[in-house]
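Novice: One structure, pasted below without further comment.
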Amino acid sequence: MISCRCVVIGYGSIGQRHARILRKLGHYVAVVSKRNINHPNLYHNIEEALKKENPDYIVIANETDKHEDTLVELERNGYNNKILVEKPLFSYASERNFNFSKLFVGYNLRQHPLIKKICEKIKDKEVIAVQAYVGQYLPNWRPEMDYTKSYSAKSDFGGGVIRDLSHELDYLQFLFGEWDSLVALGGKFSHLSIDSDDNYAIMYKTKRVPIISLQMNYLDQITQRFVIINTSEDTYKADFITNTLQINDKVYNFNMGRDTTYILQHVSILNNKSEFLCTYESGMKITKMIEAAEKSSMEKVWIINE
């Protein structure tokens, strides 16, 4: 892979992770941050970074509510090389049409060998039911910082479990297609000191699958992330914590590092291999699905995807 000039916009925990991984892959990395951080190639505004660095690749890793304005600024400054926007794409669905030719959304869980293996195994199978679950105790996410000050805790910044853990919505869409109708129940139910939602349950169907259920929360002090797929022939259970795939009574182990899916995502983008990447259009569908789930929960009705 040819070394690229990269700019990471936003230097919170996920921005730092992207910068570290890109440097590890042998790329030059500059950072845009409003803070005075200790980084050798630091800029405080996007325009200056674009002029001086002329990047091949930009990672947008600032707060979710700033993603759209950041893309507007990149477009205004004439940038049209590769872009990765951290998930979720936006806090709320946008009607704006961007003209970027290579824009992707950071749903890196698609790159997990478990997802790739499931995709291969169920390709021609009749899928009857799917159950997915993800839960992790929010105060334990980022031990180095006060969870109440994180964007996850603040709905105005695009936080909340349904956005934070929307990897599930994406990989389920990737594997089983777009939702036809859904019903959801969610909100803040715990004593966590946050103003965002901490628990969501969504049930929906697609053209391929008659019932998919998903639960996500900030509450589980036993970190869990798994999906169970029942086909007409087999049962599959993929566990993203133990990195195992169980097919009926057989268990297969996958050797995974903490950064593996992020590495694979960057390599796929930079090598123009898009099969397991999330496009802008797919990312927007997830944003609209989140809004539909919130509407369903608030109005206590089924929502039809029209």
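Novice: Once Lys and Arg get +1 and Asp and Glu get -1 on their Cβ, which of Val59, Val29, Gly12 lies farthest toward the positive end of the dipole of segment 5-101?
Specialist: Val29
Novice: Using amide H atoms built in the peptide plane, which far-off residues or other-chain residues are under 5 Å from Tyr28 H to H?
Specialist: Cys4, Cys6
Novice: Contact order normalised by length for the chain, with contacts defined as Cα pairs under 8 Å and 6 or more residues apart; what percent is it?
Specialist: Details: 606 pairs, mean separation 58.6, N = 306.
Relative contact order of the chain: 19 percent.
Novice: Further, regarding this structure: Ranked highest first by the average count of other Cβ atoms within 10 Å around their residues, in what order do 283-296, 138-151, 228-241, 159-172 fall? Walk me through the intermediate numbers first.
Specialist: Details: 283-296: 20.7, 138-151: 14.2, 228-241: 16.5, 159-172: 24.6.
So the order, starting with the most tightly packed, is 159-172, 283-296, 228-241, 138-151.
Novice: Turning to a different aspect of this structure: Which three semi-axes in whole Å describe the equivalent ellipsoid of segment 248-306, each the square root of 5 times a Cα gyration tensor eigenvalue, listed largest first? Write out the running numbers ahead of the final one.
Specialist: Details: eigenvalues 209, 82, 23 Å².
Working from the Cα gyration tensor, I get semi-axes of 32, 20, 11 Å.
Novice: To continue, here is another question. Once the Cα gyration tensor of segment 181-290 is diagonalised, what are the square roots of 5 times its eigenvalues, in whole Å and ordered largest first, as equivalent ellipsoid semi-axes?
Specialist: Numbers: eigenvalues 126, 90, 74 Å².
Semi-axis lengths for segment 181-290 are 25, 21, 19 Å.
Novice: Estimate the FRET efficiency between Glu47 and Thr260 by the formula 1/(1 + (r/R0)^6), using the beta-carbon distance for r and 45 Å for R0, to the nearest 0.05. Present the calculation step by step, with values, prior to reporting the outcome.
Specialist: Values: r = 34 Å, r/R0 = 0.77.
Step by step, r from the Cβ atoms, then E = 0.85.
Novice: Take the Cα gyration tensor of segment 5-101, multiply each eigenvalue by 5, square-root it, and list the three semi-axes largest first, rounded to whole angstrom. Walk me through the numbers on the way to the answer.
Specialist: Details: eigenvalues 83, 44, 32 Å².
Working through the eigenvalues yields semi-axes of 20, 15, 13 Å.
Novice: With θ taken as phi - 60° and the coefficients 6.51, -1.76 and 1.60, list the Karplus ³J(HN,Hα) couplings across segment 144-153 in order, rounded to whole Hz; mark glycine and proline as x.
Specialist: 7, 9, 6, 4, 5, 9, 7, 5, 4, 7
Novice: Kindly state, to the nearest 0.05, the FRET efficiency for Ile222 paired with Lys123, given R0 = 25 Å and r defined as their beta-carbon distance.
Specialist: On the way: r = 32 Å, r/R0 = 1.30.
The computed FRET efficiency comes out at 0.15.
Novice: Starting from the Cα of Val183, move 7 Å in the Cα-to-Cβ direction to define the label point; list residues of segment 271-298 whose amide nitrogen is under 16 Å from there.
Specialist: Within reach of a label on Val183: 293-298.
Novice: Cross-link candidates for Lys288: which aspartates and glutamates have Cα within less than 14 Å, leaving aside residues fewer than 8 places away along the same chain?
Specialist: Glu95, Asp170, Glu178, Asp180, Glu306
Novice: Right, something else. Report, in debye and to the nearest 20, how large the dipole of the chain comes out about its Cα centre when Lys and Arg carry +1 and Asp and Glu carry -1 on their Cβ.
Specialist: Numbers: 38 positive and 38 negative charges, 177 e Å.
For the chain, the charge dipole is close to 860 debye.
Novice: Nearest 10 degrees is fine. How inclined is helix 13-24 to the longest principal axis of the chain, computing both from alpha carbons?
Specialist: Once rounded, one gets 70 degrees.
Novice: Now for a separate question. Excluding Tyr43 itself, calculate the net charge of residues whose Cβ lies under 15 Å from the Cβ of Tyr43, where each Lys or Arg counts +1 and each Asp or Glu counts -1.
Specialist: In short, +1.
Novice: Give the distance, in whole Å, between the Cα centre of segment 180-228 and the Cα centre of segment 119-143.
Specialist: The two parts, judged by their Cα centres, are 11 Å apart.
Novice: Next up: Work out the charge dipole of segment 40-134 with +1 on the Cβ of Lys and Arg and -1 on the Cβ of Asp and Glu about the Cα centre, then indicate which of Ile118, Phe104, Asn41 is farthest towards its positive end.
Specialist: The Cα lying farthest towards the positive end belongs to Ile118.
Novice: Round to the nearest 10 and give me the degree value, 0 to 90, for the angle of helix 67-76's Cα axis relative to the longest principal axis of the chain.
Specialist: Helix 67-76 sits at roughly 40 degrees to that axis.
Novice: Next question, about the same structure. Taking the Cα centre of segment 9-50 as origin and charging only Cβ (+1 Lys, Arg; -1 Asp, Glu), how large is the dipole, in debye to the nearest 20?
Specialist: Working: 6 positive and 2 negative charges, 59 e Å.
The calculation lands at about 280 debye.
Novice: Something else: Could you give the angle, 0 to 90 degrees to the nearest 10, between helix 260-270's Cα long axis and the longest principal axis of the Cα atoms of the chain?
Specialist: 60 degrees
Novice: Got the relative contact order for segment 1-117 handy, in percent, Cα pairs under 8 Å and 6 or more residues apart? Numbers along the way, then the final one.
Specialist: On the way: 185 pairs, mean separation 26.3, N = 117.
The value is 22 percent.
Bear in mind these aren't lab numbers, they're just calculated from the coordinates by the rules spelled out. All values derive from a computational prediction rather than experimental measurement. So basically every Cβ, Gly included, is an ideal-geometry build from the backbone, and we count neighbours across all protein chains shown.
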